[in-house]
């Protein structure tokens with residue numbers, strides 16, 4: 001994943017734009033044997049894809065979101081609470097699980113902030 005982030009940032013810099021967010025990771029599934037993960041950044045200007053780097057415009061959609069504070073390896077409880085909220089409030093997940101890293105790793109792990117969000121649809 002480190003190479004992917006480096007390649008994406010190199011393309012963004014080459015196009016003379018800047019990321020407007022920290023890294024965003026989308027898990028399209030959770031099966032470790034067939035893990036499907038995307039890594040990206042929000043940017044203000046579109047860029048042409050190159051090599052393994054693609055560009056997507058995310059559609060407007062309803063999301064369920066929360067912010068986790070603390071070490072990355074302890075985020076499962078927060079994700080479980082988000083999933084519980086989704087089902088208890090008559091929604092169903094409709095897409096991947098997104099992790100948006102809001103700060104970098106220069107501070108204590110207890111201060112890491114990660115926005116977690118999942119696109120949802122309201123059940124009828």
With only helices counted (DSSP H, runs n ≥ 4, each -39500 (n - 2.57)), the per-residue ellipticity at 222 nm for the chain, to the nearest 500, works out to -6500 deg cm²/dmol
Cα centroid separation, the range 38-67 to the range 96-124 (Å): 15
Which whole-number percent gives the relative contact order of the chain, counting Cα pairs below 8 Å spaced six or more residues apart? 27
Can you tell me the orientation of helix 2-14 relative to the chain, as the angle in degrees between its alpha-carbon axis and the longest Cα principal axis, to the nearest 10? 50
If you line up the long axis of helix 76-88 against the longest principal axis of the chain, both from Cα atoms, how many degrees apart are they, to the nearest 10? 60
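We did not get these values from a lab; they are worked out from the coordinates using the rules stated. Just so it is clear, the structure is predicted and the values come from calculations on it, not from any experiment.
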